[in-house]
Every structure is written in structure tokens, then in C-alpha cells.
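Below: the structure, in C-alpha cells.
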Amino acid sequence: MSKKSNTSKRYTAEFKRDAVGLVRSSGRTVTEVARELGVSSEGLRGWVKQAAIDRGEGPAGVLTTAEREELVRLRRKVREQEQTIEVLGKATAFVRPERKGAAGVGR
């Protein structure tokens, strides 16, 4: 009895591009090509679908690979900036603590 690994394999962009090209040029089914390459047919089907989207052949509103990468980058940047703002707010509160009961006295 064989156990399936819970870890997913990572494939290079070049491998994915070549696999998609093989599907498009060979006239064979995704399942046949996937079996030959030793990859999941569902994974290869997703690569083929994303390649079509990247070529502008996908449904309206679906993100290209470049747009997805930019979205991830921008979300990371926003998260970092939010953390910076939080740290600066705490630092400001530490450096300039509110004086209780002294508001307006002596001014």
C-alpha cells in the first residue's frame, strides 16, 4: 500500500509553460499529457486555463498572472505600512504621554 504525500510539488514557470505548450501543440488531451509528464491532470488543466487568461482569452474580470503577482505585492506592502503606522503610534504615545488633569494648565 502506498501513501500519498501531503506536500505539494513546485514546478518552475518554464516547466509549466512547456507543459501548456505541449497540450496546445500536440492535439492530445490534458489528461494524456499530464500522465506523460507525471503531473496532476487538474494541475495541468489549471495551468492551461491560466495561460489562456494571460493571453487575453479568459472571461472578463479574471486576473492575469502579472496582476495576481502585483496584487500580492501590494497587499504585502499595505500590511507592512499598517505595521509601521502602528509602531509609530505606540512610539508617539511613549514619547509624548497624555498628561491627565493638566490639560490647559499654564497655557
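The values are calculated or read from the model by the stated rules, or taken from the named source; none is laboratory data. Remember, predicted model here, so these are calculated numbers, not experimental data. With ideal geometry, Cβ positions are generated from the backbone for all residues, glycine too; neighbour counts draw on all protein chains shown.
Taking only region 40-79 into account, find how many residues are in a helix (DSSP H, G or I) and small (Gly, Ala, Ser). Walk me through it before giving the result.
Pass one, region 40-79, residues in a helix (DSSP H, G or I): 41-54, 65-79.
If we keep only those that are small (Gly, Ala, Ser) as well, we get 41, 43, 46, 51-52, 66.
Residues that pass the stated criteria total 6.
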- Query: Listed residues 92, 64, 31; which is polar (S, T, N, Q), over 24 Å from residue 10 (Cβ atoms) and either at pLDDT below 95 or surrounded by 12 or more Cβ atoms within 10 Å (Cβ to Cβ) (or both)?
  - Reply: 92
